[in-house]
Amino acid sequence: MDVTIFGSGYVGLVTGACLAEVGNQVICVDVDADKIAMLNAGGVPIFEPGLDDLIAKNRQAGRLRFSTDADEGVAHGLFQFIAVGTPPDEDGSADLRHVLAVAQSIGERMTGYRIIVDKSTVPVGTADRVAETVRAAQSERGQRIDFDVVSNPEFLKEGAAIEDFMRPDRIIVGTDNPRTGELLRALYGPFNRNHDRVMVMGVRSAELTKYAANAMLATKISFMNELSNIAEAVGADIEMVRVGIGSDPRIGYQFIYPGCGYGGSCFPKDVRALERTATTIGYEAELLQAVEAVNHRQKERLFSKIEHYFEGALQGKTFALWGLAFKPNTDDMREASSRRLMEQLWAVGARVRAFDPVAAEEARRLYGERADLELVENRMDAVEGADALVIVTEWSEFRSPNFADIKAQLSTPVIFDGRNLFDPNQVTAAGLTYVSIGREPARPL
Ligand SMILES: NC(=O)c1ccc[n+]([C@@H]2O[C@H](COP(=O)([O-])OP(=O)(O)OC[C@H]3O[C@@H](n4cnc5c(N)ncnc54)[C@H](O)[C@@H]3O)[C@@H](O)[C@H]2O)c1
């Protein structure tokens with residue numbers, strides 16, 4: 001089938017490469033000319049395991065092309081995917097500017113029936129706005145051409161995006177037109193062979209399903225972070241509590257890790273956007289507000305622990321940071337906990353020496369050259385002579401370090417662990433002080 005994808009970011013590139021891999025003819029269109037030039041020169045603008053090989057293979061096979069030309073894109077695909085960014089607006093609601101710009105562009109150019117597929121995460125009612133925009137653009141040029149708008153939210157996880165796309169838990173198709181539903185089902189057939197994962201539902205239900213999934217996952221994290229703070233105060237070990245509750249199959253072990261807050265391009269903005277949607281219809285989403293507030297506070301938790309340990313004397317100190325990305329296996333630093341921590345450290349005159357297996361380039365792009373940020377090539381370079389080691393991202397290569405080496409390199413023997421990677425006994429046996437999340441000794445009640 002012929003497929004056009006607007007937006008060549010994490011979602012657009014993975015969708016394009018995977019749809020090409022199963023034999024479709026795909027054109028990815030983006031307004032960012034540098035990005036398209038890089039892709040056409042064989043580069044890949046993001047780090048996502050396996051993506052570079054998949055893109056190279058399908059470009060070579062002639063099934064995957066990249067372009068800045070919207071004319072070419074609209075002329076090509078029966079399916080016109082919208083996979084552009086939906087960043088938060090000033091009030092937290094989803095900014096639909098890019099989504100509606102693509103709708104406008106399709107409406108201005110289409111000459112035959114098209115299925116417009118909303119893959120970006122968009123608030124309930126957006127499919128209607130996309131349809132209105134397409135219709136208005138058509139009538140501007142005195143045309144009336146048939147089209148459908150389908151909601152097909154994406155659930156891939158950065159770091160495991162290709163696996164998630166190839167073997168999805170579910171494929172949500174929101175449409176009121178059974179024929180369009182069947183066409184989407186056919187497009188997704190190759191990803192749906194093991195058992196039926198396609199769930200066809202109304203457009204608004206599909207739009208809300210995406211927000212509901214992310215809000216639920218964010219709620220689990222904030223719940224555990226809230227409990228970790230209580231555990232610290234009462235002298236309990238949150239890791240024991242975690243395994244204790246996870247054993248209940250109604251709760252489960254997944255996604256109940258305490259830490260220094262969630263980040264990334266999805267959870268923070270989607271929780272806020274859903275909360276805004278609720279507000280606009282006159283409903284106060286108190287639980288969502290709390291999820292967001294707890295996360296905001298949790299992102300400052302590491303700094304408070306560091307400040308407390310050094311009794312406020314942080315100016316001129318150097319902190320070794322392990323991990324900059326918002327989670328392992330990605331270079332994405334959008335709303336990463338590392339950013340809040342670094343900004344707090346810089347504000348009090350401390351320096352950061354950071355190591356991340358893939359996100360250094362992204363940190364350089366975000367912060368430029370600055371005297372209080374040094375990006376190093378390996379994890380032990382970060383530690384050498386630093387006043388403390390701070391773990392921010394749970395990359396697997398951080399899980400079993402040589403604690404004796406770390407102790408020898410640090411000028412103060414202390415590790416602040418925002419991801420509870422280590423066994424406290426092992427760290428303290430090496431002569432290090434270990435400050436983690438939800439496992440501190442009891443303070444008097
Ligand atoms: N990143 C994820 O893990 C993930 C997972 C599921 C859903 N989503 C959702 O998918 C959407 C895209 O996310 P992303 O992370 O891929 O974003 P991204 O920022 O990585 O990429 C968006 C791309 O869209 C391009 N763009 C903007 N306007 C355009 C236009 N008019 N025409 C063509 N291209 C245009 C930008 O140049 C950019 O390359 C968002 O709504 C996001 O919430 C993201």
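Here are some notes:
- Applying both filters, DSSP loop and at most 12 other Cβ atoms within 10 Å, to the chymotrypsin sites (Phe, Trp or Tyr not before Pro) of region 106-171 gives 113.
- If R0 is 41 Å, the Cβ-Cβ spacing of residue 57 and residue 199 corresponds to a FRET efficiency of close to 0.85.
- For the chain, the longest principal axis of the Cα atoms and the long axis of helix 51-60 meet at an angle of about 30 degrees.
- Region 165-250: C-alpha pair distances exceeding 19 Å, %: 58
- For residue 57, the lysines whose Cα comes closer than 21 Å to its Cα, not counting residues fewer than 8 places off in the same chain, are 35.
- Here residue 247 and residue 280 are evaluated by their C-beta separation; at R0 = 45 Å the FRET efficiency comes out at 0.65.
- GNM result for the chain, Cα springs below 10 Å: residue of 378, 295, 229 fluctuating most strongly: 378
- Kirkwood-based shape ratio for region 59-185, expressed as Rg/Rh from alpha carbons: 0.97
- Cα gyration tensor category, rounded, prolate or oblate, for region 388-445 with a/c compared to 1.5: oblate
- Kirkwood Rh in Å, taken over region 249-374 so that all alpha-carbon pairs contribute: 16.2
- The chain, relative contact order [Cα under 8 Å, separation at least 6], %: 12
- Among beta bridges that DSSP assigns inside the chain, antiparallel share in %, nearest 5: 5
- Cα pair distances of region 1-86 binned at 10 Å [whole percent]: 21, 60, 20, 0
- Sorted peptide list for 79-90, 258-269, criterion being average Cβ within 10 angstrom, highest first: 258-269, 79-90
- Whole-number D in µm²/s for region 123-179 (Stokes-Einstein; Kirkwood sum over Cα pairs; 37 °C, 0.692 mPa s): 239
- Shown for the chain: the carbon plus sulfur share of the solvent-accessible area, taken with all protein chains present and a 1.4 angstrom probe, equals 50%.
- Inter-label distance, residue 179 to residue 425: 6.9 nm, where each label sits 7 Å from its Cα along the C-beta direction.
- If you plug the beta carbon distance of residue 369 and residue 304 into 1/(1 + (r/R0)^6) with R0 = 22 Å, you get a FRET efficiency near 0.15.
- Among 67, 337, 139: highest mean-square fluctuation, GNM of the chain, C-alpha pairs under 10 Å: 139
- Rounded accessible area per residue of the chain, 1.4 Å, Å²: 44
- On Cα atoms only, tilt of 10-21 relative to the major axis of the chain in degrees: 60
- Share of pairwise Cα separations in region 296-445, more than 19 Å, in percent: 48
- Here each label is just a point 7 Å from Cα along the line to Cβ, and for residue 212 and residue 163 those points are 2.7 nm apart.
- The chain - convex hull of the alpha-carbon atoms, volume per residue in Å³: 161
- Put simply, the amide H of residue 150, placed in the peptide plane, has neighbours under 5 Å in 116, 117, 118, leaving out anything fewer than 5 places away on its chain.
- Euclidean distance of C-alpha centroids, region 8-39 and region 317-349, integer Å: 30
- Modelled label positions at residue 75 and residue 25, each set 7 Å beyond Cα in the direction of Cβ, lie 1.2 nm from each other.
- Potential lengthening of the chain between residue 170 and residue 412 amounts to 82.2 nm, from the contour at 0.36 nm per residue minus the alpha-carbon distance.
The values are calculated or read from the model by the stated rules, or taken from the named source; none is laboratory data. The model shown is predicted, which means the values in this text are computed figures rather than measured ones. Cβ atoms come from the backbone with ideal geometry, glycine included; neighbour counts cover every protein chain shown. In case anyone asks, the SASA skips ligands and DNA or RNA and just uses the protein heavy atoms, side chains included. Shrake-Rupley method; radii C 1.70, N 1.55, O 1.52, S 1.80 Å.
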